[in-house]
Amino acid sequence: MSSAEAFYASVRAELDAIREAGLYKSERIIATPQGAVVRTADQREVINLCANNYLGLSSDPRVLEAAHEALRTHGYGMSSVRFICGTQDVHKELEARLARFLGTEDTILYGSAFDANGGLFETLLGAEDAVISDALNHASIIDGIRLSKARRYRYDHNDLDDLRTQLAQAAADGARHKLVFTDGVFSMDGTVARLDEIRAICDEYGALLGIDECHASGFMGARGRGTHEARGVFGKIDIITGTLGKALGGASGGFTSGRREVVELLRQRSRPYLFSNTVAPAIVGGSLKVLDILEASTELRDRLERNTAFFRAGLGKLGFDIKPGDHPIIPIMVYDAERAQALAQRLLELGVYVVGFFFPVVPRGQARIRVQMSASHDEATLQRALDAFAQAGRELELI
């Protein structure tokens, strides 16, 4: 067998092992815009409970119209990176608007939030510096940290005593600069970081604080500004990364926001920014309209909050094992990967679109269904979904 044939044989064997372990992830196809109800490729209409469309803006007519207008006035794409000829007036306008929305001095756009995290740590930190990361931080944060030469410290999830221990160790090791970085909201659990306490600890140790706000921007806090608003430290975070691909319109694109000099250095040295095409003008135009909507009213985030409380209470009454909290991410714990997939499949048959999560997305033995609420749901639709959960839960002996 040639080396190439051996390689492909090993790939097939690995795929077979993934299937046999019940860990194979299949992609379902939808044939409609994102919404509270979607139609799958086989023409079935199902209640959508697994999108990150928190505010229901992915197919909002106002956002679509703004995207169409930007397409008409600024074209389909820039065919270039920012520093060559890929910066338009609308890109600068969106960066300024995001900075104002987030309470920072400046913002830099990226092709994705993964790129924002991937281009952050290597640019800002050297071998004499330290980054202290929550154990359950998103994969993009982990990968971004791996790209840097900074010393790496990890504290147990949301464990502030351990955070103190790791900061003390970094100081004892002679770290020049110390950056604590955490998800504002953890995507698999809906845990909200204790940013007010973390900020105080960082101040005690002279450390910077950075947060990933992908599951918070637009709806966390009284005005939807994010986890830092919800925790009372708005304007007191050094670095914020986030996405335009979830609550803020649901398309694609990411950003890093912070002090002006930090953003300026990222423009000079951050590799995903320097070597990736600019965010498409239509996305920029739609995102500007999203900010208009969110700055004018809290109606959507208030509706999302009501839907979340209703559905969490309903699942609790049915007897499902759900992780506590008040975030629109609602983890329904099943623990076994095959049972999680069986629950997701049965719910799809009953007209509810959810996805099972299992290793390596979550730790082994922590398989779950992750339900996500949206402002686009109404109570009648959510009640139909709860009825389907009741039937599937009883059939699979989960309740």
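A few points about this structure:
- Checked against (1) surrounded by 21 or more Cβ atoms within 10 Å (Cβ to Cβ); (2) touching a helix residue (DSSP H, G or I) at 6+ places or on another chain (Cβ under 8 Å); (3) part of a helix (DSSP H, G or I), SER374 passes all but condition (3).
- Candidates in the stretch 165-198 are the residues that are over 23 Å from LEU124 (Cβ atoms) and of a type in the set (D, E, K, R); of these, the one that is least open to solvent (accessible area, probe 1.4 Å) is ASP189.
- Selection of the stretch 266-279 for residues being more than 20 Å from the chain's Cα centre (by Cα) and under 29 Å from ASN53 (Cβ atoms) yields LEU266, SER270, SER276, ASN277, THR278.
- Residue match in the stretch 94-102 (condition: assigned by the TED database to the domain that holds VAL262 and touching a Lys or Arg at 6+ places or on another chain (Cβ under 6 Å)): no
- Residue match in the stretch 76-93 (condition: farther than 29 Å from ASN48 by Cα and in contact with an Asp or Glu (Cβ under 9 Å, 6 or more places away or on another chain)): no
- With respect to the conditions (1) in contact with a Phe, Trp or Tyr (Cβ under 6 Å, 6 or more places away or on another chain); (2) surrounded by 15 or more Cβ atoms within 10 Å (Cβ to Cβ); (3) not in a strand (DSSP E or B), LEU64 falls short on a single one, namely (1).
- Tally, over the stretch 311-351, of residues that are of a type in the set (Val, Ile, Thr) and part of a helix (DSSP H, G or I): 0
- Members of the stretch 74-98 that are in a helix (DSSP H, G or I), touching a residue at least 60 places away in the same chain (Cβ under 8 Å) and either of a type in the set (Val, Ile, Thr) or more than 24 Å from LEU304 (Cβ to Cβ) (or both): HIS74, ARG82, PHE83, VAL90, HIS91, GLU93, GLU95
- Candidate set from the stretch 352-370 (those that are in a strand (DSSP E or B) and of a type in the set (Gly, Ala, Ser)); member that is modelled with the highest pLDDT: ALA367
- Qualifying residue in the stretch 53-60 (condition: open to solvent by 40 Å² or more (accessible area, probe 1.4 Å), on the phi > 0 side of the Ramachandran plot and in contact (Cβ under 8 Å) with a residue 40 or more places away in the chain): no
- Number of positions in the stretch 83-117 that are of a type in the set (Phe, Trp, Tyr) and open to solvent by 60 Å² or more (accessible area, probe 1.4 Å): 2
- Hey, HIS138 open to solvent by 20 Å² or more (accessible area, probe 1.4 Å) and either closer than 17 Å to THR243 by Cα or modelled with pLDDT under 95 (or both) or not: yes
- Out of TYR335, TYR353, sole residue that is surrounded by fewer than 22 Cβ atoms within 10 Å (Cβ to Cβ), outside the structural domain of GLY218 (by the TED database) and under 26 Å from ARG301 (Cβ atoms): TYR353
- Selected residue [aliphatic (A, V, I, L, M), open to solvent by 20 Å² or more (accessible area, probe 1.4 Å) and in contact with a His (Cβ under 9 Å, 6 or more places away or on another chain)] from ALA282, ALA342: ALA282
- Residue check, GLN383 touching a residue at least 60 places away in the same chain (Cβ under 8 Å) and either open to solvent by 50 Å² or more (accessible area, probe 1.4 Å) or closer than 21 Å to SER58 by Cα (or both): yes
- Test: residue in the stretch 292-303 that is open to solvent by less than 10 Å² (accessible area, probe 1.4 Å), over 30 Å from ASP387 (Cβ atoms) and in a loop (DSSP other than H, G, I, E, B): no
- Among (1) in a strand (DSSP E or B); (2) free of Cβ contacts under 8 Å to residues at least 12 places away in the same chain - the single one THR107 does not satisfy: (2)
- Any hit, the stretch 205-225, residues being among the acidic types (Asp, Glu) and open to solvent by 10 Å² or more (accessible area, probe 1.4 Å): no
The values are calculated or read from the model by the stated rules, or taken from the named source; none is laboratory data. Since the model is a prediction, treat every value here as computed from it, not as a measurement. Neighbour counts are summed over all protein chains in view; Cβ atoms, including those assigned to glycine, are modelled from backbone coordinates with ideal geometry. Please note that ligands, DNA and RNA were not included when accessible areas were found on the heavy atoms of the full protein model with its side chains. Shrake-Rupley method; radii C 1.70, N 1.55, O 1.52, S 1.80 Å.
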